[in-house]
Amino acid sequence: MTDIKNKILKLVNKNNEYVLALSGGVDSAVLASIFNELNLSYRTIFVNHNQKDSSLLQKSAEEIAKNLETSHENIITDLEENASETKMREKRYSLLFDNLKKNEILVTGHHKDDKVETFLINLFRGTRLKGLTSIKAENENLLRPLINTKKSEIQDYAIKNNIAFTEDTTNQNNEISRNWIRNQLIPEVDERFQGEINNKIFNLILEIEVLLENKVEVRKFIKFAKGYFEVPLLLIQENDSRSNYLISLISSSIGQSGLQGDDLKKIFSSITSGSHVSYHKNWVVSNQSGLVVFIEKEMWKLNSDEDMTFGYFNFQHATKCNYSNNWKLGIPQNFVENFNLSSIFSGDKISINGSSQKVSEVLRSFGVKEPLREVWPIAKIDNEVIWIPGVRKSDLVKDFDSENNKHIITTSIEKSNFESI
């Protein structure tokens, strides 16, 4: 099943009755075709605005409905020729909602580009913050299943599936503000600045929606340390305002000037594949035990014996220890000078129960994936691995534990709350 179909399937219910606003153009033609293929209960309506291409578009809508063998109705408005886009929209929605029967849901073909264009129109008109949230996917008895789908994706789908439609020639009239934004402004901005403006604005809209819904408290779910950020996987969903807000906060913190659509694709690619993916500069993103984590390996280095932080691991010297576990290590005083902490090296091994095992394999069995496995600290005396903090100790340490004269090193995981900064 295609991505467009998946998006629609998540929003529809086979028990509902739908009315599709069929314009005769590509957006509603694709929408009607997919509704038909999904065996949804629907009928179609065309609103004739009495404009230049209205009769041509009406014939196109009738042909689409006929091919799909669905019930269709035309509604003729009393609008004058060359009516404004605002008047046509107001009249169209008034007639469509009046036509709805009890329990029916109106469906329109608005797409992602429409959302961005509406944002810019409202911005240029001087709207307040609320007006910049633009078009929602669902609103009471109105559904816009394509609102998170690009126009180009819809056009590609129509071509691949031989879906017939008619192009409204007035879409090329740049005297109309929306057409000027679509045909001139956005292409010129894209040519001048790196990254698609559609993606930038779309992500900004999602962030604004989060702020207006008073969901800023979701910041508390972001944890960070040196060279590390994490957010629960359950909070990261595609085309979700809260998810984009969280990701944008992390992206800004690691030095990105703006979140791009390609960045989101990388994150969801990592989530889907289970593999780590290069992100921004030296940062990588991966899925670790129910968390989406961002790691910069070069930052996971021990600064000095005084500052014994290693990523989110915090090591400390202690004089005594009441109990022993894998988060605490005791070594004889005469070994302290030869003790050191580092990331694992290829071929590093640790002696466990009389056998030599690769440190990477021990971490793998413990559930640690790359790239976290590559930066997980290990302790050595000279060149021998004696401790994988929080995981295992070597056979040698068992002998150390019987010594009375010990130097204690403890470690803990220290992650800060993002909401505190």
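The values are calculated or read from the model by the stated rules, or taken from the named source; none is laboratory data. What you see is a predicted model, and the numbers here were worked out from it, not measured in a lab. Virtual Cβ from ideal backbone geometry, glycine too; neighbours counted across all protein chains shown.
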Discussion item. Name the single residue that is farthest from I208 (Cα to Cα) among those in the range 117-156 being at pLDDT 85 or above, among the aliphatic types (A, V, I, L, M) and in the same structural domain as T166 (by TED's automatic domain parsing).
Written reply: I154
Discussion item. For the range 98-111, which positions are farther than 20 Å from G24 by Cβ and in contact (Cβ under 8 Å) with a residue 24 or more places away in the chain?
Written reply: L100, K101, N103, E104, I105
Practice prompt. Residues being in a loop (DSSP other than H, G, I, E, B) and in contact (Cβ under 8 Å) with a residue 24 or more places away in the chain: count how many of those fall in the range 134-186.
Written response: 19
Worksheet item: Quick one: in the range 200-240, which of the residues that are among the polar types (S, T, N, Q) and surrounded by fewer than 20 Cβ atoms within 10 Å (Cβ to Cβ) is modelled with the lowest pLDDT?
Response: N214
Discussion item. Within the range 331-384, take every residue that is in a strand (DSSP E or B) and aliphatic (A, V, I, L, M) and give me the one that is modelled with the lowest pLDDT.
Written reply: I331
Worksheet item: So which pairs qualify, if the first residue must be in the range 319-341 and over 19 Å from I413 (Cα atoms), the second must be basic (K, R) and modelled with pLDDT of 85 or more, the Cβ gap must be under 8 Å, and the two must be at least 6 apart or on different chains?
Response: F339/K380
Fill in: Single match in N99, N141, N82 (criterion: farther than 28 Å from L40 by Cα and over 25 Å from the mean Cα position of the chain (by Cα))
N82
Discussion item. For the condition touching an Asp or Glu at 6+ places or on another chain (Cβ under 6 Å) and either closer than 27 Å to F193 by Cα or outside the structural domain of R364 (by TED's automatic domain parsing) (or both), what is the one hit in V285, V293, V277, V231?
Written reply: V293
Fill in: Condition broken by E81, with the remaining ones in (1) exposed (fewer than 12 other Cβ atoms within 10 Å of the Cβ); (2) at pLDDT 90 or above satisfied
(2)
Worksheet item: In the range 187-199, how many residues are in a loop (DSSP other than H, G, I, E, B) and at pLDDT 85 or above?
Response: 0
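Could you check how many residues of the range 269-296 are assigned to a helix (DSSP H, G or I) and surrounded by fewer than 16 Cβ atoms within 10 Å (Cβ to Cβ)? Outline the logic, then answer.
If we filter the range 269-296 for residues that are assigned to a helix (DSSP H, G or I), which is where we start, we get 269-273.
Still in the list and also surrounded by fewer than 16 Cβ atoms within 10 Å (Cβ to Cβ): 269, 272-273.
Result for the range 269-296: 3.
Return the residues of the range 355-382 that are among the basic types (K, R) and without any contact (Cβ under 8 Å) to a residue 12 or more places away in the chain; say none if nothing qualifies.
Selection gives K358, R364.
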Discussion item. Here are the criteria: (1) in the same structural domain as K223 (by TED's automatic domain parsing); (2) in contact with a His (Cβ under 9 Å, 6 or more places away or on another chain); (3) surrounded by fewer than 16 Cβ atoms within 10 Å (Cβ to Cβ). Tell me which single one Q333 does not satisfy.
Written reply: (1)
Worksheet item: L96 passes all but one of (1) modelled with pLDDT of 90 or more; (2) more than 22 Å from V12 (Cα to Cα); which number fails?
Response: (2)
